[in-house]
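Some notes on the structure that comes next.
The values are calculated or read from the model by the stated rules, or taken from the named source; none is laboratory data. Quick caveat: nothing in here was measured; it's all calculated off a predicted structure. Cβ placement follows ideal geometry from the backbone for every residue including glycine, while neighbour counts extend to all protein chains displayed.
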Amino acid sequence: MILSTYGLDCLYLNSRSLKAFVKTDDNCSKICKINIFQQLVYCGGYDVVCVCETWLNDCVLDSELLPGYSIFRRDRVGKTGGGVLVAVRDTIRAKRRTDLEGNNVELVVVELFKANNQSIILYTFYRPPSSTLDSIQQLNSILDNIPESMCIILIGDFNLPAIDWSLDHPNPNNNGGLLENKFCDLVGDHFLEQLISGSTHRDGNKLDLLLCNYAEIIKNVTSSTPEQFGFPTDHHIIEFEIQQKFARVKPIKRTIFDYRQGNFEELRTSLLQAGFDSDGVLTEEIDQHWTRWKEWFLAHVNKFIPKNVVKDTNSPPWVDGDVRHLLPKKYAALKKYRQSKTTARKQKLRTLTQTIKYAMRQKHRDYLVKIKDSFLDNPKLFWSYHKSTCRHRESKVSEISYKGVTAKTAAHKAELFNARCTVTSILILTIASLLFNNQHGRTRLSQATGVMLQTPMCRTATFQSSYFNRIVKPWNNVCQDVNPDTFSSPISFKNFLKRSYLELLRSVYDVDLP
């Protein structure tokens, strides 16, 4: 963990459906707004992104939205429209607070952890225009559940145009009815200040609000038209900074083999010449045998395959060096513009932003074309793209059960699998090895079974208690009068062993085996 000396760059927008297909200004064909959304976020390098009216459902995976970000979302169930989403960069410590979200309100609550182990609670809220007073009352009850000393940021589309925010005074004057009065009470009771200047909708209304009870930590709040960002919506797009020190995760470094520079011919020669001592197969635990083989193998690999240290970029595969080279220039222009908001600096910032946006869009298209063209000859690129898209997809099988025992951890699952299918082809190969490697070639199968039972793997209490009566004794009976010399070849004898053993497993475990 490292301590950031910078705050968080945040973006808020009302997307009016991320799933919609729209025309872009540089292409007559329609593209999904998710692609435009990705370009907007990656181009801006935002740490936190809040979105209202996502219109998403369970057909869209979290990993499809913003690779490199933790996605916290609440889709509207059973109806089209609505939905709230919060995306936090993977390097920032964040936790969803479902205990503060309520049941019948479109709200996502995320706790952002600062460097001093304190935190900020971020509420992203959407109130449909037709909703009743109940949504405001629920929001008020939710805010009542946290200490007054806690720093909270409340942002979203409240759809309350009747409230007069003249001169953007933090205590609004009410020109509406009961609903507006209740919301004004909420703002006052929780010491919130509204920080967005001007209208936030193309019709001139202020529908989107940014409220905070520690207004001094919110800086550089800007409201821009959707045309300025090239994102199709009817709401303005809001940017702001949270100027606090936040705990960030150190970039993960991994050591990988550089197979392209490897000398595989020399590696094969080295492995063949050295050979592996397999005499310990009957005197070692299986884990010991595996560890010994792995150490032997990797010792040879390290001689002929070089290694590289790589960092996880937390960005899509189509964001290459050309795009990354432009991003620092944009950040430098943004810093200068915030210091002095001149027309020239604003134009330079806008030009760089447009350049990065178009470059990123073209890189994405080129990458998809490259995947399509190379799929038949080299599908590796496709699977790399698939991995980057589905890396955060949650597994549907979180636990397994067998004979009334449920396993959740990886170790417990492995024990259950062992309990179900332990004695398989390892026993067959062990017996066959004893038979055919014997110098006289006449070892009785029953003798081989007896020797096998003295190996460390089969001397364990688990093996003896669980499998001796169910597997070993019936297997020994099958093999009692079998002589390898009666078979035409070693291969036919091995096939007999395999068929007999699989039949035994089928009868014991009632499973379909090949």
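Values computed for the structure shown
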{"quantity": "Test: residue in region 301-311 that is in the same structural domain as residue 269 (by the TED database), within 31 Å of the chain's Cα centre (by Cα) and surrounded by 15 or more Cβ atoms within 10 Å (Cβ to Cβ)", "calculated": "yes"}
{"quantity": "Residues located in region 73-100, provided they are part of a strand (DSSP E or B) and closer than 20 Å to residue 316 by Cβ", "calculated": "73, 85, 86, 87, 88, 89, 92"}
{"quantity": "Any chance residue 340 is of a type outside the set (Asp, Glu), surrounded by 12 or more Cβ atoms within 10 Å (Cβ to Cβ) and modelled with pLDDT of 85 or more", "calculated": "no"}
{"quantity": "Filtered residues of region 35-62 (kept if among the β-branched types (Val, Ile, Thr) and under 13 Å from residue 19 (Cβ atoms))", "calculated": "36, 51, 54, 60"}
{"quantity": "Qualifying positions in region 117-131 - within 17 Å of residue 184 (Cβ to Cβ) and in contact (Cβ under 8 Å) with a residue 40 or more places away in the chain", "calculated": "125"}
{"quantity": "Residue match in region 243-255 (condition: surrounded by 14 or more Cβ atoms within 10 Å (Cβ to Cβ) and small (Gly, Ala, Ser))", "calculated": "yes"}
{"quantity": "Boolean, residue 434 is under 30 Å from residue 485 (Cα atoms), more than 29 Å from the chain's Cα centre (by Cα) and at pLDDT below 50", "calculated": "yes"}
{"quantity": "Test for residue 32: is it under 30 Å from residue 329 (Cβ atoms), of a type outside the set (Phe, Trp, Tyr) and free of Cβ contacts under 8 Å to residues at least 60 places away in the same chain", "calculated": "yes"}
{"quantity": "Given (1) of a type in the set (A, V, I, L, M, F, W, C); (2) touching an Asp or Glu at 6+ places or on another chain (Cβ under 6 Å); (3) surrounded by fewer than 20 Cβ atoms within 10 Å (Cβ to Cβ); (4) within 23 Å of residue 44 (Cα to Cα), index of the condition residue 84 fails", "calculated": "(3)"}
{"quantity": "Strands (runs of 3 or more DSSP E) enclosed by region 9-55 - at least 2 residues per element that are touching a Cys at 6+ places or on another chain (Cβ under 9 Å) and either in the same structural domain as residue 359 (by the TED database) or surrounded by fewer than 20 Cβ atoms within 10 Å (Cβ to Cβ) (or both)", "calculated": "21-24"}
{"quantity": "When residues of region 188-201 are limited to those that are in contact with an Asp or Glu (Cβ under 8 Å, 6 or more places away or on another chain) and not in a loop (DSSP other than H, G, I, E, B), the one farthest from residue 119 (Cα to Cα)", "calculated": "201"}
{"quantity": "Answer from 164, 157, 208 - the residue that is on the phi < 0 side of the Ramachandran plot and without any contact (Cβ under 8 Å) to a residue 12 or more places away in the chain", "calculated": "164"}
{"quantity": "Any hit, region 110-117, residues being among the basic types (Lys, Arg) and either surrounded by fewer than 14 Cβ atoms within 10 Å (Cβ to Cβ) or part of a loop (DSSP other than H, G, I, E, B) (or both)", "calculated": "no"}
